[in-house]
Amino acid sequence: MSPQQQQHTGLSREFIEQQRQRLLTLRHLLLGGEESNAAQERAFQLQHGDEAAEEEDTAQDMAQREVDQALHDVDDHRIANIERALQKIGEGSYGLSDLSGKPIPQDRLLTTPEAILTVQEERERETHR
């Protein structure tokens with residue numbers, strides 16, 4: 001990040017490096033969690049094989065799959081934002097909104113390091129979905 005961009009965002013190099021490390025850790029946790037869930041499902045299938053499932057179990061499995069899919073969709077969105085935030089660090093635009101170019105407050109970046117929009121822009125985007 002150039003000194004001019006750094007001054008514009010108000011973020012120090014140290015803060016940005018800390019955020020980069022946090023983003024890498026978050027990405028690893030999210031992707032690692034997905035791999036762990038798939039491994040658990042495979043282990044269950046191997047252990048239980050083709051046992052006949054009761055209707056109640058099937059219904060519970062379907063409900064759990066819906067919950068899992070919703071969580072997976074949220075994780076996919078978050079991973080995409082993490083990737084974009086890491087890209088922005090490389091470009092020197094971390095801390096600036098992708099939509100308006102306005103600075104994203106440091107407090108927001110501390111709570112949501114993958115933020116690529118201001119809170120107001122994020123709310124407006126969610127409203128229009």
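Take the conditions closer than 13 Å to residue 11 by Cα, at pLDDT 95 or above and assigned to a helix (DSSP H, G or I) and apply them to residue 84. Does it pass? For residue 84, the condition - closer than 13 Å to residue 11 by Cα, at pLDDT 95 or above and assigned to a helix (DSSP H, G or I) - is not met.
Once the range 2-12 is narrowed to residues that are exposed (fewer than 15 other Cβ atoms within 10 Å of the Cβ) and closer than 15 Å to residue 109 by Cβ, the residue that is modelled with the highest pLDDT is 12.
Residue 57 - would you say it is of a type in the set (Asp, Glu), over 30 Å from residue 15 (Cβ atoms), surrounded by fewer than 12 Cβ atoms within 10 Å (Cβ to Cβ) and at pLDDT 60 or above? Here the answer is yes, as residue 57 does meet what is asked. Only one of 89, 104, 116 is at pLDDT 65 or above, of a type in the set (A, V, I, L, M) and either touching a Ser or Thr at 6+ places or on another chain (Cβ under 6 Å) or surrounded by fewer than 12 Cβ atoms within 10 Å (Cβ to Cβ) (or both). Can you tell me which? Result of the check over 89, 104, 116: 104. Considering the range 13-28, the residues that are of a type outside the set (A, V, I, L, M, F, W, C) and touching a residue at least 12 places away in the same chain (Cβ under 8 Å) include one that is surrounded by the most Cβ atoms within 10 Å (Cβ to Cβ), namely 19.
The values are calculated or read from the model by the stated rules, or taken from the named source; none is laboratory data. This structure is a prediction, so every number in the text was calculated from the model and none was measured. Reconstructed Cβ throughout: ideal geometry from the backbone, glycine too, with neighbour counts over all protein chains shown.
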